[in-house]
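What follows is a single structure, written as structure tokens, with notes after it.
Since every read-out is calculated from the coordinates, none of them should be taken as a lab result. Note that the structure is predicted; figures quoted are calculated from it, not measured. Cβ: placed from backbone, ideal geometry, glycine included. Neighbour counts: every protein chain shown.
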Amino acid sequence: MAKEHNYIKKGDQVVVISGKEKGKAGRVLRVFPQKHRVIVERVNFFKKHTKPSQKNQKGGIIEREAPLHVSNLLLYCMRCEKGARIGFKMLENKTKVRYCKRCNELMDKS
């Protein structure tokens, strides 16, 4: 697998740019860096059928979020108010931060 830089972190606001969920936005709940996938809040639901167990007495059908590939997501820029490509730069205090390539707004508030 080609090395792909994982620029999306837990808690980021993202927009889906392709697939059946195109146009939806949400907050990143979980990141799987080795698989280049993330789980986004209220996006890409699937139904899981569960049998009754000690933990879940009733069983039934549960709706959960499925992971999305990072290539199908863009980081949401608050200033542009839409998804934006991002870049990286070093600040004077030697910290690496993400920024919006459209408006040069810093994504990481430090």
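Computed from label points 7 Å out along Cα-Cβ, the spacing between Arg42 and Ser71 is 2.9 nm.
Net charge dipole, the chain: roughly 280 debye, given to the nearest 20, about the Cα centre with Cβ charges of +1 for Lys and Arg and -1 for Asp and Glu. Relative contact order of the chain: 19 percent, from C-alpha pairs under 8 Å at least 6 residues apart in sequence. Comparing Leu91, Leu73, Leu29, which has the greatest mean-square fluctuation in the GNM of the chain with Cα pairs linked when under 10 Å apart? Fluctuation is largest for Leu91. A simple rule links phi to the HN-Hα coupling: the Karplus curve 6.51 cos²θ - 1.76 cosθ + 1.60 with θ = phi - 60°, which for the range 91-107 gives 8, 4, 8, 6, 9, 8, 10, 9, 9, 6, 6, 7, 10, 6, 6, 6, 7 Hz, with x for Gly and Pro. In this rough spin-label picture, where each label sits 7 Å from Cα along the Cβ direction, the Lys58-Tyr7 distance is 4.4 nm.
Between the listed residues Cys80, Val40, Leu106, the Cα displaced farthest toward the positive end of the dipole of the chain, a dipole computed from Cβ unit charges relative to the Cα centre, is found at Val40. By the rule of a C-alpha distance below 17 Å, with chain neighbours fewer than 8 residues away ignored, the aspartates and glutamates paired with Lys48 are Glu63, Glu65.
For the residues Ile17, Ile61, Ile86, a GNM of the chain with alpha-carbon springs under 10 Å puts the largest fluctuation on Ile61.
Sequence-ordered 3J(HN,Hα) estimates for the range 14-24 from the Karplus curve with 6.51, -1.76 and 1.60 and θ = phi - 60° stand at 10, 10, 7, 10, 8, x, 5, 9, 3, x, 7 Hz, glycine and proline given as x. For the chain, Cys103 have no disulfide-compatible partner, since no other Cys C-beta lies under 4.7 Å from theirs. Counting only residues at least eight positions apart within a chain, or on another chain, the aspartates and glutamates with an alpha carbon under 16 Å from that of Lys101 are Glu81. Considering the options Pro52, Ala66, Ala25, tell which one lies farthest towards the positive end of the dipole of the chain, charges being +1 on Lys and Arg and -1 on Asp and Glu at the Cβ, about the Cα centre. So the residue we want is Pro52.
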